[in-house]
Amino acid sequence: QVQLVESGGGLVQPGGSLRLSCAASGMISSLYTMHWYRQSPGNERELVATITRSGSTNYTDSVKGRFTISRDGVKNTVYLQMNSLKPEDTAVYYCKTRKLGVDYWGQGTQVTVSS
């Protein structure tokens, strides 16, 4: 059974950095497209970053140049490095993948950007 477990969230000041981790089990994450989403109160869940099986990456415009998605095949983990954080980045961040037509989500990790 696929499980995704996020970690690394927290409280950070504007301009600061955080690295989120998504540890996968029940699957080899490097063989699948992996996504990071986020959701803030009153807003729909938003796709933030994607990394494909081939390693191609894609980002929503608001985080381009500030966020980097990557993965470690040995650790079976996907990361989201977030730099130059802004208050509008405050949200719960989720890891997501799809295997055999089924979507799997992690439980989310809270990121709060505030002074």
Accessible area per residue for the chain in Å², computed with a 1.4 Å probe and the full protein assembly in place, what is it? 53
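Net charge near Q110: determine it from the other residues with C-beta under 12 Å of the C-beta of Q110, scoring Lys and Arg +1 and Asp and Glu -1.
Value of the local net charge: -1.
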With a Förster distance of 25 angstrom and the Cβ-Cβ distance between L47 and N76, calculated FRET efficiency to the nearest 0.05 equals 0.70
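Quantify, in whole percent, the carbon and sulfur part of the accessible surface of the chain (1.4 Å probe; protein heavy atoms only).
Accessible surface attributable to carbon and sulfur in the chain totals 47 percent.
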Candidates per chymotrypsin sites (Phe, Trp or Tyr not before Pro) in segment 24-108, loop by DSSP, up to 10 other Cβ within 10 Å: none
Zero-based 10 Å bins, Cα pair distances in the chain, whole percents: 15, 50, 29, 6, 0
Net charge near G8: determine it from the other residues with C-beta under 15 Å of the C-beta of G8, scoring Lys and Arg +1 and Asp and Glu -1. +1
Taking every other residue with Cβ under 15 Å from the Cβ of T50 and scoring Lys and Arg +1, Asp and Glu -1, one gets +4
Could you give the length gained on full extension between S17 and S62, defined as 0.36 nm per residue of separation minus the Cα-Cα distance, in nm? 14.6 nm
Provide the per-residue ³J(HN,Hα) series for segment 83-98, in order, calculated from phi with Karplus coefficients 6.51, -1.76, 1.60 and θ = phi - 60°, each as a whole number of Hz, with x at glycine and proline positions. 10, 6, 5, 10, x, 6, 7, 4, 4, 8, 9, 10, 9, 8, 8, 10
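The values are calculated or read from the model by the stated rules, or taken from the named source; none is laboratory data. Predicted, not measured: the structure shown is a model, and the values here were computed from it. A quick note on method: Cβ atoms are made from the backbone with ideal geometry, for glycine too, and the neighbour counts reach across all protein chains shown. Keep in mind that these areas ignore ligands, DNA and RNA; they rest on the heavy atoms of the full protein, side chains included. Shrake-Rupley method; radii C 1.70, N 1.55, O 1.52, S 1.80 Å.
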